[in-house]
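For reference, the structure discussed in these notes is given below.
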Amino acid sequence: MNRIGIRELFGLIKNIYLNRETGLLVCNFAIGKRLICFINGNIRYARSGVEGEKLGLFLVKGGYLDEKSLAFHLEDAKASGERFGQYLCDNKIVSEADIKETVKMLVQHIVIRPFFEEIEEIDFEKKKIALDPALMLEISTGNILLECIRELDNPRFIENVFEEYRGSVPSFMDNPMLLFQKVSLTPEEGFIFSRIDGHLTMGEIETISSMSRNKFVKILYGLYLIGLVDFSESHDSSFYEEARKDVMENIIEQAQSEEKPAEIPELSEKQKAFITEVAAFYEDLGKIDFYQLLDVAREEEIFEIKRNYYKLMKRYHPDKFTEPQFSEISGKLDEIVSRLTEAFQILKDEDSRKAYDMKLRKQEKDPPREAEGRTTSKSEIAFRDALFYVSQGRFSEGIEMLNRCLQLNPDDARFYLELGKLQVDNPMWTKRAEDNLLKALKFDANSLDAYEALGRLYAKTGRHESAARYFAGALTLDPESEVAIEGMKKLKKADKKSGGFMSKISDLFS
């Protein structure tokens, strides 16, 4: 732990936010300790040991309880063993909506106070955090940073910032990871943001703003804290106008959405299709290279690589899909953009790109084989890992490991079979599933699972004669195959013409 000033505190929170870090921030004060939990850079929970920063007292301030009833309910909740907020909801003393709103106000208070009190010690520990979903909040760290700088009353700090940057040229940060933040800018902040063109100095922008220095510096520094503005001159401006337009549209959309009632709308057909697309893309991450990931040719120029990276980030950025109806893909989107960024960072640098190209050529020319004489081959170890990942529902890792298996031993039917089985229910992977299952039969002509999976695949895609053929093959291997028997019944039912091909085959095995 170490002491920290206001500027360092702003920098620390900014880095946690922009780097999407997860961990626990512990702040020690003379009056007590405050803990703030960050998940992917945003504030999800906070707890305080400072007197007066408890849920009950905030409920009293909000008029939901009086002091006498607070003392009684605290004792009753303690005796029941329930969390205080849950106790109040269960006993219909305070509504769940009012509890949630008060908890949010309390957490925001706990987070903001470190900016206005002297911190004795502070420490941020990066760690995975498992929170009770009932306690988890979604508070934008960007909005907290803006609120803190707006309220800051520190003339010396303001003057120091101005003197340091007055001759610098503020430039628009066009990093796609920062384009779709959930932040709310005031009209004055939007005006200053619109004046930044990569040519005017901070001093020149102040002159045309007609604002007091105090207000102007706080606005510009706030934009810097949330990553929309930087004072570096090294940024690539090739997408400057496009990025500026996207940011402004995002800010306007958020302002409009705040005016709408809080409800979970039903998914449209387009949104359902997007969720399916995200799931398919996520499953693909482990088996495609960086060029395929960014959808560019290996000889493509860096400008086109950046263009595609920007386009993909714009489509899959997780900050655009934080509403409850997209909860099932939020983790997948985080993984997708992380992988996209990794690919772009490698391919945009000449040296790292050359090293990556050499690695790809080596894999294609000389795929690794397990060493002779091993008791347990590398491919067997990888296969065990793949089956474990699949059993845990970690399908992306399972697919990645199965592809590793095929690199180590491309003649093993089991690897093709497991890949095909994972792909058979995804409509975007029909061809891949078919190819892998057929290869499984090529290397093991008596694979019951492969016959059953191919029968299911062809039945789903309307290729009924092929489905009947493979179900019949499965029944030849195992006359009691439930998959094949049920498949044949469905095909026979679908076959409207008496005496048709499918009916004849199914009669043989009925």
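The values are calculated or read from the model by the stated rules, or taken from the named source; none is laboratory data. Source: prediction; values computed, not measured. Because the Cβ atoms are built from the backbone with ideal geometry, glycine has one as well, and the counts that use them run over all protein chains shown.
Can you run down the residue pairs with Cβ atoms below 6 Å, 6 or more apart or on separate chains, where the first is in the range 392-408 and within 21 Å of Arg361 (Cα to Cα) and the partner is surrounded by 20 or more Cβ atoms within 10 Å (Cβ to Cβ) and among the polar types (S, T, N, Q)?
That search, which allows pairs on different chains as well, returns Cys405/Ser379; Leu408/Ser379.
What are the residues in the range 97-112 that are touching a residue at least 12 places away in the same chain (Cβ under 8 Å) and either among the hydrophobic types (A, V, I, L, M, F, W, C) or within 14 Å of Ile4 (Cα to Cα) (or both), if any?
Ile99, Val103, Met105, Leu106, Val107, Ile110, Val111, Ile112
Which of the residues that make up the range 4-49 are within 14 Å of Phe115 (Cβ to Cβ) and part of a strand (DSSP E or B)?
Within the range 4-49, Leu25, Cys27, Phe29, Arg34, Ile36, Ile43, Ala46 qualify.
Can you pull out every residue in the range 311-330 that is surrounded by 20 or more Cβ atoms within 10 Å (Cβ to Cβ) and hydroxyl-bearing (Ser, Thr, Tyr)?
Answer for the range 311-330, where residues must be surrounded by 20 or more Cβ atoms within 10 Å (Cβ to Cβ) and hydroxyl-bearing (Ser, Thr, Tyr): just Tyr316.
Checking the condition of a type in the set (Lys, Arg) and under 30 Å from Thr341 (Cα atoms), which residue from Arg83, Arg20 passes? I'd like the intermediate steps shown before the answer.
On the way: Arg83 fails: under 30 Å from Thr341 (Cα atoms).
So the residue among Arg83, Arg20 that is of a type in the set (Lys, Arg) and under 30 Å from Thr341 (Cα atoms) is Arg20.
Which members of the range 404-456 meet the condition of being of a type in the set (Val, Ile, Thr) and assigned to a loop (DSSP other than H, G, I, E, B)?
Residues of the range 404-456 that are of a type in the set (Val, Ile, Thr), as a first pass: 424, 430.
Matches in the range 404-456: Val424 only.
Identify the residue in the range 57-93 that is touching a residue at least 12 places away in the same chain (Cβ under 8 Å) and among the aliphatic types (A, V, I, L, M) and, among all such residues, is nearest to Val103 (Cα to Cα).
Top of the filtered list is Leu59.
Looking at (1) closer than 21 Å to Phe395 by Cβ; (2) touching a Ser or Thr at 6+ places or on another chain (Cβ under 9 Å); (3) of a type outside the set (Gly, Ala, Ser), which is the one condition that is false for Arg339?
(2)
Are any residues in the range 164-220 closer than 25 Å to Ser140 by Cα and aliphatic (A, V, I, L, M), and if so, which ones?
Met173, Met177, Leu178, Leu179, Val183, Leu185, Ile192, Ile196, Val217, Ile219, Leu220
Could you list, in sequence order, all residues of the range 400-432 that are surrounded by 22 or more Cβ atoms within 10 Å (Cβ to Cβ) and touching a Leu at 6+ places or on another chain (Cβ under 6 Å)?
Passing the criteria: Leu402, Phe415, Glu418, Leu419, Gly420.
Scan the helices (runs of 4 or more DSSP H) fully inside the range 139-198 and keep the ones with 3 or more residues being free of Cβ contacts under 8 Å to residues at least 40 places away in the same chain.
Details: elements: 141-151, 155-165, 187-195.
Where helices (runs of 4 or more DSSP H) fall fully within the range 139-198 and carry at least 3 residues being free of Cβ contacts under 8 Å to residues at least 40 places away in the same chain, they are 155-165, 187-195.
Going through the range 315-324 one residue at a time, which ones are in a helix (DSSP H, G or I) and at pLDDT 85 or above? Can you show your working first?
Just the residues of the range 315-324 that are in a helix (DSSP H, G or I), to begin with: 315-316, 318-320, 324.
Answer for the range 315-324, where residues must be in a helix (DSSP H, G or I) and at pLDDT 85 or above: Arg315, Tyr316, Pro318.
In this structure, is Phe124 within 28 Å of Ser327 (Cα to Cα) and of a type in the set (Phe, Trp, Tyr)? Please lay out each step first, then the result.
Details: within 28 Å of Ser327 (Cα to Cα): yes; of a type in the set (Phe, Trp, Tyr): yes.
It is true that Phe124 is within 28 Å of Ser327 (Cα to Cα) and of a type in the set (Phe, Trp, Tyr).
Return yes when Ile329 is in contact with a Pro (Cβ under 9 Å, 6 or more places away or on another chain), modelled with pLDDT of 90 or more, in a helix (DSSP H, G or I) and among the hydrophobic types (A, V, I, L, M, F, W, C) and no when it is not.
On the way: in contact with a Pro (Cβ under 9 Å, 6 or more places away or on another chain): yes; modelled with pLDDT of 90 or more: no; in a helix (DSSP H, G or I): yes; among the hydrophobic types (A, V, I, L, M, F, W, C): yes.
The answer is no for Ile329.
Report the residue count in the range 183-198 for those that are modelled with pLDDT of 85 or more and either of a type in the set (D, E, K, R) or not assigned by TED's automatic domain parsing to the domain that holds Val217 (or both).
Here the count works out to 3.
What's the total number of residues in the range 113-130 that are β-branched (Val, Ile, Thr) and more than 13 Å from Ile13 (Cα to Cα)?
Keep residues of the range 113-130 that are β-branched (Val, Ile, Thr), which gives 119, 122, 129.
Checking which are more than 13 Å from Ile13 (Cα to Cα) leaves us with 119, 129.
Result for the range 113-130: 2.
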